[in-house]
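The values are calculated or read from the model by the stated rules, or taken from the named source; none is laboratory data. Keep in mind that this is a model prediction, so the values were computed, not measured. Reconstructed Cβ throughout: ideal geometry from the backbone, glycine too, with neighbour counts over all protein chains shown. Side chains included, ligands, DNA and RNA excluded: accessible areas come from the protein's heavy atoms. Shrake-Rupley method; radii C 1.70, N 1.55, O 1.52, S 1.80 Å.
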Amino acid sequence: MSDTPPDHLSIDPNSPFFNEAILERGIGIRFNGVEKNNVEEYSVSEGWVRVSVGKSVDRHGKPLTMRIKGTVEAYFRDTAEG
C-alpha cells in the first residue's frame, strides 16, 4: 500500500469510493487548515468534504450531511506496516 491517501474516499460501505483497508489504516483530514473528525466523504482534487450535521439522521438511519468547499489535505495517521 502506498503512502499517498486516495483522492476520493467515503466511509459509507454502499459508496463506490469505500475502501475498508485504507479506513482501517487510519485517514486524517485537514480542511482549510483545521483538523476534522466528522468527515463522511472527501475529494482532494475537487476541493470538498461531506461532514455530518449534528446527530440528525434520514429515514434510512444515515447521518444528514453537508458538502463544504475548501482546501482538503488527506494524510495517513500512521506509517505503512512492513
- Item | Scan of region 70-82 for residues that are of a type in the set (V, I, T) and open to solvent by 60 Å² or more (accessible area, probe 1.4 Å), ordered by number | T71, T79
- Task: Provide a single number: the residues in region 14-32 that are touching a Gly at 6+ places or on another chain (Cβ under 9 Å) and either modelled with pLDDT under 95 or of a type in the set (K, R) (or both).
- Result: 0
